[in-house]
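Just below is one structure, and these are the notes that go with it.
The values are calculated or read from the model by the stated rules, or taken from the named source; none is laboratory data. Predicted model only: the values in this text are computed from it and were never measured. Neighbour counts run over all protein chains shown; Cβ positions are idealised from the backbone, glycine included.
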Amino acid sequence: MHELGIAASILECVRAEADRHPGFHISKVGIRMGELSGVDSDALRFGFDCLVKDTDFAPLVLDIEPVPRVQRCPQCGNEFRMTEYDPRCPACGEFMTQCVSGDELNIAYMEVDE
Amino acid sequence: MNRVEVEKKVLSENHLLAEQLRARYRDHGLLCVNLISAPGSGKTLLLEKTLERMQGTRLAVLTGDLQTENDATRLMRFGYPVKQIITGGTCHLDAKMVGTHLESWDLAKLDLLIVENVGNLVCPSSYDLGEDCKIVLLSTTEGEDKPLKYPSIFSKAELMLLTKIDLLPYVPFNPDLARDNARRVHPQIEIIDVSSTTGAGLDQWLHWLRRRMQQKNERRLFQTQS
């Protein structure tokens, strides 16, 4: 249950952005969350809402964009979305494919109102 | 309404501190490994056996727990610098905790820093501690499907230590299935079977560790020369 800490970090980023835009209100923050990031989105929303409601930012919407795991094949260069824990390249059958995305946990955007 | 693109890590503060630690380790040719597992998989016993067999190595240990100094007390008797990080309820270590506990140590006098994370397969996987590699332990008293249930840590760990293999005759655990599951999550993961009780596999584990230490030090020498 580290989602509360993650939620606090998101709120810190919002605060930093708010300081850069004095007089504006941030209404939404969007994050990109990889399926390997180890973060539970329900717990993150719960923690985020708990933290936000006592701040000047309330109401603040958290938009979570899930990012799928993508593998790259070292033999044929094919990139594919990994499903059902099958890392084999669908094009050539190579097993030793490498994870190239799916563990990110990034702030993507914020929506700012006047 | 304006949309402002940000593209910044959520844990950017931790990431920055981790990068600073990584740079310090690099300057000293110091290898840092981050040991992660569920509670009770045998991290501390493995460390006891590791320290016992690595006499003469310039190493130090940071060990994390929610409460008690028990693990540090167990590890201190081998004569190496050991510090307990008591998180007070936090379920993982972060780069700030590691940095704070390293303050009184001279990293120039170390070749290996072992960080024993809080027993937890989920949260520690999100926090970069500046380590060279994460090592995950899976014991034969757990389920073979742990890699599938906790893919985040198994996909990030360079090495999996399959622990308590001395118990294989007594537990319904299929080691081939466990290894297959780990490789399905992370095809490149290295796997070593060990028993801290019988000593099986410990030579192979120590060989892995020493090889990584040597590589790290060689990289520093190469950088110094160039």
So B:S41 clears everything in (1) more than 14 Å from chain A (Cβ to nearest Cβ); (2) closer than 29 Å to B:D106 by Cβ except one condition, right? Which one? (2)
Consider B:R183 against the criteria (1) within 14 Å of chain A (Cβ to nearest Cβ); (2) among the basic types (K, R); (3) surrounded by fewer than 17 Cβ atoms within 10 Å (Cβ to Cβ): it satisfies all of them except one. Which criterion is unmet? (3)
Of all residues in the range A:39-63 being in a loop (DSSP other than H, G, I, E, B) and free of Cβ contacts under 8 Å to residues at least 24 places away in the same chain, the one that is surrounded by the fewest Cβ atoms within 10 Å (Cβ to Cβ): A:D54
Pairing a residue in the range A:97-110 that is at the interface with another protein chain (Cβ under 7 Å from one of its Cβ atoms) with any residue that is among the small types (G, A, S) and surrounded by fewer than 20 Cβ atoms within 10 Å (Cβ to Cβ), where Cβ atoms lie under 8 Å and the two sit 6 or more apart in sequence or on different chains, gives A:I107/A:G30; A:A108/A:G30; A:Y109/A:G30; A:M110/A:G30
Top-ranked residue of the range B:1-34 - restricted to ones that are charged (D, E, K, R) and more than 14 Å from chain A (Cβ to nearest Cβ), ranked as farthest from B:R58 (Cα to Cα): B:E19
Just to be sure before I move on: is B:V194 modelled with pLDDT of 95 or more and either exposed (fewer than 15 other Cβ atoms within 10 Å of the Cβ) or farther than 26 Å from B:A60 by Cα (or both) in the structure I sent? no
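Here is a yes/no grid of residues against (1) small (G, A, S); (2) on the phi < 0 side of the Ramachandran plot; (3) surrounded by 14 or more Cβ atoms within 10 Å (Cβ to Cβ); (4) within 14 Å of chain A (Cβ to nearest Cβ):
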position: B:L59; (1), (2), (3), (4): no, yes, yes, no
position: B:T68; (1), (2), (3), (4): no, no, no, no
position: B:L75; (1), (2), (3), (4): no, yes, yes, no
position: B:L93; (1), (2), (3), (4): no, yes, yes, yes
position: B:H101; (1), (2), (3), (4): no, yes, yes, no
position: B:A108; (1), (2), (3), (4): yes, yes, no, no
Output the qualifying pairs, or none if there are none: Cβ atoms under 6 angstrom, residues six or more apart or on different chains, first residue in the range B:6-23 and under 16 Å from A:E104 (Cα atoms), second residue basic (K, R) and surrounded by 15 or more Cβ atoms within 10 Å (Cβ to Cβ). B:H15/B:K9
